[in-house]
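Below is one structure, written out as structure tokens; comments come after it.
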Amino acid sequence: MLLLSFFLLIICILVSVAFVTLLERKVLGYIQLRKGPNKVGLMGLLQPFSDGIKLFFKEQTYPSKSNYIMYMLTPIFMLVLSIFTWAIFPYIINTCSFNMGMLFFMCCSGMSVYGVMLSGWSSNSNYALLGSIRSVAQTISYEVSMSLLLVNFLFLSWGFNLLDFMMYQKCVWFIFLSLPLFMCWFSSCLAETNRSPFDFAEGESELVSGFNVEYSSGGFAYIFLAEYMNIIFMSMLTSVVFMGCNIVSLFFYFTIVLFIFGFVWVRGTLPRFRYDKLMYMTWKVFLPTSLNYIMFVTGVMSYILLC
């Protein structure tokens, strides 16, 4: 049952990735006052499958001076790591219930930087290397504030299992208790997934395409899948941590789509940040905010326990 349920989950996530790309192209199209994909199938519903088939059947090229084995294995590593993070999905029936799920998530998100770094280094291209170096600095910096933001809610829920967040938010959502932390968390999610306005690893106007510039065909498709799987996962995690949604309710999936729409909306409206502003924001804004909230939460809980 464990393997079957996880296999079904991965199939559903891969299908979701296909339609999230369609949603993104449609929303960006209407933001820019034009039509999105609308020719392949009814209202463009078959466009993601057409793009996927096209990607996997294109010719696979690779730089002659690249580190070939590392170059080919890194996209697979990124995809497998994204799939592993979905193991903490909160099954009500305890098919795959992770008691240390949040710790596992922090470990996997910490390792995700290696995929971008190795893909840029193994390509043996200056543009790819610059993109990967940017991503390493950005992801490591935001990992600190994101972990401390999570610590606040681990104090409140008193557990590492995502099911605990559902149980403790039946009466009031954490988003009402900590709206500033929600804003910091959502910005950190954008930075962790290398999305606009923090897409310095893929700066098209400066680095052609960033760390994935030398990839084509299947390798590019795996990187693409890993990125969008991470976006859906962060939307699911945001919904659970801040709204305590029950996975058997339709509202849970509605909030996930809402947060995914937020990722797309930000991409369509905000320009790219300056790099020093990006680093300033995490070290001078997010980090002090999360540390102050930790002091506040622990102080209130200590006072309640003493009383």
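A few remarks follow.
- Simple spin-label estimate for Lys284 and Met70 in nanometres, 7 Å along Cα-Cβ: 3.5
- The trypsin sites (Lys or Arg not before Pro) of the range 1-34 that meet both conditions, a loop assignment by DSSP and at most 14 other Cβ atoms within 10 Å of the site Cβ, are Arg34.
- Sorted by Cβ neighbour density within 10 Å, fewest at the top, the residues Thr139, Thr298: Thr298, Thr139
- Two-site FRET efficiency, Ala87 against Cys307, from Cβ-Cβ distance with R₀ of 45 Å, rounded to 0.05: 0.70
- Residue among Ser249, Ser196, Ser66 with the largest mean-square fluctuation in a Gaussian network model of the chain, springs linking Cα atoms under 10 Å: Ser249
- Cross-link partners of Lys39 among lysines (Cα-Cα below 21 Å; sequence separation of 8 or more within a chain): Lys26, Lys54
- Length gained on full extension, Val40 to Lys277: 81.2 nm, using 0.36 nm per residue less the C-alpha separation.
- Label-point separation in nm, Ser217 to Cys12, each point 7 Å along Cα→Cβ: 3.4
- With a cut-off of 13 Å between beta carbons, the residues surrounding Val20 carry a summed charge of +1, where Lys and Arg count +1 and Asp and Glu -1.
- Relative to the longest principal axis of the Cα atoms of the chain, helix 250-269 runs at roughly 60 degrees.
Readers should treat all values here as calculations from the given coordinates under stated rules, not as data from a laboratory. Since the model is a prediction, treat every value here as computed from it, not as a measurement. Using ideal geometry, Cβ is built from the backbone for each residue, glycine included, and neighbour counts are taken over all protein chains shown.
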